[in-house]
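Written out below as structure tokens is the structure these notes cover.
The values are calculated or read from the model by the stated rules, or taken from the named source; none is laboratory data. Only a predicted model underlies this, so the values are computations on that prediction, with no experimental measurement involved. Glycine also receives a Cβ, built like all others from the backbone with ideal geometry; neighbour counts cover every protein chain displayed. To get the accessible areas, we keep the full protein, side chains included, count just its heavy atoms, and leave off ligands, DNA and RNA. Shrake-Rupley method; radii C 1.70, N 1.55, O 1.52, S 1.80 Å.
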Amino acid sequence: MSSRLFEGKSHASVYQKYRFSAPQEVQDIIFNYMGERLTKPYGLAVDVGCGTGQSTRILVPYFQKIVGTDISQAQIEEARNADHFPNVTYSVSPAEELPVDDASVDLITACAAVHWFDTEKFLKEVDRILKPRGCLAFYTYLPDMELHYKDRSEQLTKVVREVHDTLAPYVSERVNHVKSGYKDIFEAIPYADKQRMEKITVKIPMPLADFIGLIQTFSMYQIYLKLEPEKAKDLIVTTEKRLLEIMGVSSTETKIDALMTNVCLLASKPV
Ligand SMILES: C[S@@+](CC[C@H](N)C(=O)[O-])C[C@H]1O[C@@H](n2cnc3c(N)ncnc32)[C@H](O)[C@@H]1O
């Protein structure tokens, strides 16, 4: 069964505002892998579970045509409103039934998304639409992140861990795939040419306000908000206050570094 936790309009709009694109380090890994297997020009890329399009836009300079797909109408509407690239189209469709012809795709990506899909059905669909030598890249960041700011990093990270502990009861079991570094999904990929890259650590500078916004995009926060709206809103207010106090600043525009570990699965369909 796939999961549908990203349907709300307000969730989609925090998503559009606070989700960041794939880190450059991960993009380099994907495009180098692809470059070693496919010849240019690259034709079609499909970004599955594209959300509001952050992970789709990174494909724009490389492909003649890009299709971003997501099961959530609200997420796709946000993506369409944000983007006006001539080579990108968006479609509301499940990962397990993609609106794409057989053997037509050079690259399939899924950012922070493949763990929400029905793995078996999705991988069958991937095999149907990939060209021979076509590549897949499924990547995500791990939930355990650090916050860095001057000499306050340890205290800030402790607060972030406490937020995760508060949200732990609301974590979907699918997030276990992420915690295990996508091991099971990797095992299920039926191609001999495949790699699992772990511990890709990246530093993402952002204003504190964006980090607070990012917490609100997490599926577990959205579940908490639905079940315990007052407590969930209070968690955000309290967390912001605590982080500002530790940093010794009053503006949420103050820049911090979020240190995130990513995992990336890469594979190429045999000829
Ligand atoms: C955590 S978001 C990631 C969005 C985007 N790729 C990003 O990097 O910001 C996961 C997305 O997967 C979508 N999703 C979940 N199950 C799906 C399915 N079975 N088919 C297609 N999309 C799905 C959700 O609607 C959501 O937009």
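Taking the range 221-259 as the search range and keeping residues that are part of a helix (DSSP H, G or I), in contact (Cβ under 8 Å) with a residue 60 or more places away in the chain and open to solvent by 40 Å² or more (accessible area, probe 1.4 Å), which one is farthest from His148 (Cα to Cα)? Lay out the reasoning, then the answer.
Filtering the range 221-259 for residues part of a helix (DSSP H, G or I) gives 221-227, 229-247.
Now drop any that are not in contact (Cβ under 8 Å) with a residue 60 or more places away in the chain, which leaves 222-223, 235, 239, 242-243, 246-247.
Pick out the ones that are also open to solvent by 40 Å² or more (accessible area, probe 1.4 Å) and you get 223, 242.
On the way: Ile223: 27, Arg242: 15 Å.
Looking at the filtered set, the residue picked out is Ile223.
So that you can scan it fast, the table gives a plain yes or no per residue for (1) farther than 20 Å from Tyr182 by Cα; (2) touching an Asp or Glu at 6+ places or on another chain (Cβ under 9 Å):
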{"residue": "Gly43", "(1), (2)": "yes, yes"}
{"residue": "Gln64", "(1), (2)": "yes, no"}
{"residue": "Ile76", "(1), (2)": "yes, yes"}
{"residue": "Asp102", "(1), (2)": "yes, no"}
{"residue": "Thr109", "(1), (2)": "no, yes"}
{"residue": "Arg133", "(1), (2)": "yes, yes"}
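Within the range 195-219, take every residue that is part of a helix (DSSP H, G or I) and open to solvent by 20 Å² or more (accessible area, probe 1.4 Å) and give me the one that is farthest from Arg174 (Cα to Cα). If you could, list the steps in order and put the result at the bottom.
Here is the first cut: in the range 195-219, the residues part of a helix (DSSP H, G or I) are 208-217, 219.
From what is left, the residues that are open to solvent by 20 Å² or more (accessible area, probe 1.4 Å) are 209-210, 216.
On the way: Ala209: 28, Asp210: 25, Gln216: 18 Å.
Taking the candidates together, the pick is Ala209.
Among the residues of the range 105-122 satisfying the criterion of being of a type outside the set (A, V, I, L, M) and near the ligand (Cβ under 6 Å from one of its atoms), which is farthest from Thr140 (Cα to Cα)? Talk me through it step by step, then tell me what you get.
Looking only at the range 105-122, we keep the residues that are of a type outside the set (A, V, I, L, M), and these are 106, 109, 111, 115-122.
Applying the additional criterion that residues be near the ligand (Cβ under 6 Å from one of its atoms) yields 111, 116-117.
Working: Cys111: 6, Trp116: 12, Phe117: 14 Å.
Here the residue is Phe117.
Just one of the numbered conditions (1) within 14 Å of the ligand (Cβ to nearest atom); (2) open to solvent by 60 Å² or more (accessible area, probe 1.4 Å); (3) part of a loop (DSSP other than H, G, I, E, B) is not true of Lys17; which one?
The single condition Lys17 does not satisfy is (3).
In the range 34-77, what residues are β-branched (Val, Ile, Thr), surrounded by 20 or more Cβ atoms within 10 Å (Cβ to Cβ) and within 14 Å of Ser21 (Cα to Cα)? Break it down into steps so the answer makes sense when it comes.
As a first pass, look at the range 34-77 and keep what is β-branched (Val, Ile, Thr): 39, 46, 48, 52, 56, 58, 60, 66-67, 69, 71, 76.
Those left that are additionally surrounded by 20 or more Cβ atoms within 10 Å (Cβ to Cβ): 46, 48, 52, 56, 58, 66-67, 69, 71, 76.
Correct list: Thr52, Thr56, Ile58.
Which one of these does Ile76 not meet: (1) free of Cβ contacts under 8 Å to residues at least 60 places away in the same chain; (2) within 28 Å of Met197 (Cβ to Cβ); (3) within 9 Å of the ligand (Cβ to nearest atom)?
In the conditions (1) free of Cβ contacts under 8 Å to residues at least 60 places away in the same chain; (2) within 28 Å of Met197 (Cβ to Cβ); (3) within 9 Å of the ligand (Cβ to nearest atom), Ile76 misses (2) alone.
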